[in-house]
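The values are calculated or read from the model by the stated rules, or taken from the named source; none is laboratory data. Small disclaimer: the values here were computed from a predicted structure and weren't measured. A quick note on method: Cβ atoms are made from the backbone with ideal geometry, for glycine too, and the neighbour counts reach across all protein chains shown. Just the protein is used for accessible areas: all its heavy atoms, side chains included, with ligands, DNA and RNA removed. Shrake-Rupley method; radii C 1.70, N 1.55, O 1.52, S 1.80 Å.
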Amino acid sequence: MRQPLVAGNWKMNGSVGSVRELLAGIKAGIGAIDKCEVAVCPPYIFIPQAQTELAGTPIPWGGQNLSTETSGAFTGEVAASMLLDFGCTYVIVGHSERRTLYGEDDALVAKKFAVARAAGLKPILCVGETLDEREKGVTEEVVARQLDAVIKLEGIKALADGVIAYEPVWAIGTGKTATPEQAQEVHAFIRGRIKTRDAGVAEKLRIQYGGSMKPDNAAELMAKPDIDGGLIGGASLKAKDFLGICKAANDSV
Ligand code: PGA
């Protein structure tokens with residue numbers, strides 16, 4: 001049985017005050033969540049605050065991105081060692097916003113996965129097709145290409161050190177969630193593709209769904225056999241909504 005992981009991707013949102021309030025709200029409700037792992041990925045600047053406020057709780061935190069470099073003249077970048085220094089467990093790599101807005105390609109994302117893993121962080125690898133790609137019927141091709149870039153660089157066993165998040169780009173921040181059937185189909189495809197290379201890795205690997213997940217659609221998504229939690233954007237900014245999703249994941253176990 002895989003333990004679901006619900007992770008909040010706060011994106012570029014928050015202030016010292018709102019982070020304090022959000023984390024206090026999550027901490028107040030986390031006692032009821034005992035079967036699902038719950039994590040938050042704040043913007044870099046709030047990671048020290050998360051570290052302080054989450055000390056002594058079961059809630060890990062992580063970054064939303066990292067550099068492929070270890071140190072030096074890379075203005076504006078943050079290294080894996082720095083995330084570790086501030087207690088991060090996770091780091092998101094290859095989010096579609098990084099791919100589309102900042103030109104991150106499959107090779108760069110694979111390198112980020114490798115650098116995170118080598119440092120001892122758990123990468124959350126995001127994959128997913130655009131609306132245009134879905135309509136063209138190339139969803140599986142796209143997801144396979146994104147996945148294979150990491151497998152080619154790191155080997156199949158490396159996937160066991162991370163998490164995969166299937167996030168159809170057309171569902172992110174749009175209010176348009178994939179149906180549980182649409183999501184399950186791609187999750188099963190991902191797991192199946194990994195299984196042909198390593199059944200043990202495929203069985204243990206957590207595959208989150210991401211894209212307009214909310215408390216009222218989370219339960220039916222989590223009920224699907226290959227959906228192991230969620231990567232939550234908008235709904236992770238309100239403690240009540242985020243906890244509602246965590247509860248749905250918790251109840252699905
Ligand atoms: P959303 O974002 O929940 O706001 O759709 C998900 C994500 O981008 O990780």
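Details
- Criterion (part of a helix (DSSP H, G or I), in contact with a Ser or Thr (Cβ under 6 Å, 6 or more places away or on another chain) and β-branched (Val, Ile, Thr)) met by exactly one of Val115, Val109, Val150, Val142: Val115
- Taken over the stretch 211-231, the criterion of being farther than 16 Å from Lys247 by Cα and crowded, with 17+ Cβ neighbours inside 10 Å is satisfied by Gly211, Ser212, Asp226.
- Contact map, the stretch 70-96: first residue under 26 Å from Gly128 (Cβ atoms) and open to solvent by 70 Å² or more (accessible area, probe 1.4 Å), second residue part of a loop (DSSP other than H, G, I, E, B) and among the acidic types (Asp, Glu), Cβ cut-off under 9 Å, separation 6 or more or different chains; pairs are Glu77/Glu69.
- All positions within the stretch 32-55 that are without any contact (Cβ under 8 Å) to a residue 24 or more places away in the chain and either part of a loop (DSSP other than H, G, I, E, B) or open to solvent by less than 70 Å² (accessible area, probe 1.4 Å) (or both): Ala55
Residues checked against (1) hydroxyl-bearing (Ser, Thr, Tyr); (2) within 22 Å of Gly192 (Cβ to Cβ); (3) surrounded by fewer than 21 Cβ atoms within 10 Å (Cβ to Cβ):
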{"site": "Tyr102", "(1), (2), (3)": "yes, no, yes"}
{"site": "Asp105", "(1), (2), (3)": "no, no, yes"}
{"site": "Ala110", "(1), (2), (3)": "no, yes, no"}
{"site": "Gly137", "(1), (2), (3)": "no, yes, yes"}
{"site": "Gln146", "(1), (2), (3)": "no, yes, no"}
{"site": "Leu153", "(1), (2), (3)": "no, yes, yes"}
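- Filter pass, Ala116 being farther than 21 Å from Ile190 by Cβ, in contact (Cβ under 8 Å) with a residue 12 or more places away in the chain and surrounded by 24 or more Cβ atoms within 10 Å (Cβ to Cβ): no
- The set of residues in the stretch 202-230 that are part of a loop (DSSP other than H, G, I, E, B) and either under 17 Å from Lys35 (Cα atoms) or within 15 Å of the chain's Cα centre (by Cα) (or both) comprises Leu205, Arg206, Gly211, Ser212, Met213, Ala223, Lys224, Pro225, Asp226, Ile227, Asp228.
- Checked against the criterion of being within 15 Å of the ligand (Cβ to nearest atom) and touching a helix residue (DSSP H, G or I) at 6+ places or on another chain (Cβ under 6 Å), the candidates Val169, Val163, Val150, Val201 yield just one match: Val169.
- Sub-7 Å Cβ pairs linking a first residue in the stretch 189-215 that is free of Cβ contacts under 8 Å to residues at least 40 places away in the same chain to a second residue that is part of a strand (DSSP E or B), at least 6 apart or interchain, are Arg191/Ile207; Met213/Gly230; Met213/Ile232, ordered by first then second residue.
- Residue, nearest to Tyr90 (Cα to Cα), within the stretch 172-194, restricted to residues that are of a type in the set (A, V, I, L, M, F, W, C) and within 16 Å of the ligand (Cβ to nearest atom): Ile172
- Within the stretch 89-142, the set of residues being among the polar types (S, T, N, Q), touching a helix residue (DSSP H, G or I) at 6+ places or on another chain (Cβ under 7 Å) and within 16 Å of the ligand (Cβ to nearest atom) comprises Ser96, Thr130.
- Listed conditions (1) aliphatic (A, V, I, L, M); (2) open to solvent by 10 Å² or more (accessible area, probe 1.4 Å); (3) more than 11 Å from the ligand (Cβ to nearest atom) are all met by Ala235, apart from (3).
- The requirement of being more than 21 Å from Ala249 (Cα to Cα), at pLDDT 95 or above and among the basic types (Lys, Arg) is fulfilled somewhere in the stretch 156-177, by at least one residue.
- Any hit, the stretch 63-80, residues being farther than 18 Å from Ala149 by Cβ and within 16 Å of the ligand (Cβ to nearest atom): yes
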